[in-house]
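Down below is the structure, laid out as structure tokens.
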Amino acid sequence: MAAAFVVTACTAAPNIMNTADAPDPYLWLEDVQGDKALAWVKARNATTQARLEKHPRYEPTHKQLLAILDSRDRIAYVSRRGDWLYNFWKDAKQPRGLWRRTTLAEYRKPYPAWETVLDLDALGAAEKENWVWHGATCLAPDYRRCLLALSRGGADATVVREFDAQTKRFIDAK
């Protein structure tokens, strides 16, 4: 019975099954950094933003969410690497974020002192690149050498760069 349904559905709707022969009218959207695609997205975002901002709950909800996201009272979730607890932190002052670390003793305090390992906002400004954090993998047991995953503008494609967590510098590729 199921096979008969599939055959009937395919013959009853031939345009659904033969789309491979037709050119995709939206193929230009695949060029995610292309001017035409970016303009299209920008126009759709503007339409959506205008519609959202007209809603009476928009402004109070927007303010409340920003207060939550930028609060210093958020729990800083950490990953332990040797003697250090690492955290990636974003707030109003650091919109791209900080990869930072502290000790367990400091972390137990209400407001721990954090050491910045990498400032993505500063890195982006220095390299004239819109870096977005995608994570770090560090080599045990000393966790000094790390592979940092970054993307340009939040794209799916990831750039992996070797980083020295002790010197807080990228390692030059040779």
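The values are calculated or read from the model by the stated rules, or taken from the named source; none is laboratory data. Keep in mind it's a predicted model, so treat the numbers as computed, not measured. In this analysis, Cβ positions are derived from the backbone assuming ideal geometry, glycine residues included, and neighbour counts consider all displayed protein chains. Calculation scope for accessible area: heavy atoms of the full protein, side chains included, ligands and nucleic acids excluded. Shrake-Rupley method; radii C 1.70, N 1.55, O 1.52, S 1.80 Å.
Need pairs with beta-carbon distance below 6 Å; first residue closer than 20 Å to THR102 by Cα and within the range 150-174, second at pLDDT 95 or above and part of a loop (DSSP other than H, G, I, E, B); sequence gap 6+ or separate chains.
From the range 150-174, the pairs are ASP164/ILE171; ALA165/ARG144; GLN166/ARG144.
Find the helices (runs of 4 or more DSSP H) located wholly in the range 44-150 whose residues include 1 or more that are closer than 16 Å to ARG169 by Cα and at pLDDT below 95, and list them.
No helices (runs of 4 or more DSSP H) qualify here.
Can we say VAL132 is surrounded by 13 or more Cβ atoms within 10 Å (Cβ to Cβ), aliphatic (A, V, I, L, M), without any contact (Cβ under 8 Å) to a residue 12 or more places away in the chain and over 17 Å from ARG101 (Cβ atoms)?
The answer is no for VAL132.
For the subset of the range 57-106 comprising residues that are among the hydroxyl-bearing types (Ser, Thr, Tyr) and under 28 Å from TYR143 (Cα atoms), which member is surrounded by the most Cβ atoms within 10 Å (Cβ to Cβ)?
The residue in question is TYR86.
Filter the range 143-174 down to residues that are over 20 Å from LEU85 (Cβ atoms), open to solvent by 80 Å² or more (accessible area, probe 1.4 Å) and either touching a strand residue (DSSP E or B) at 6+ places or on another chain (Cβ under 6 Å) or not aliphatic (A, V, I, L, M) (or both), then give me how many there are.
Residues meeting the conditions: 6.
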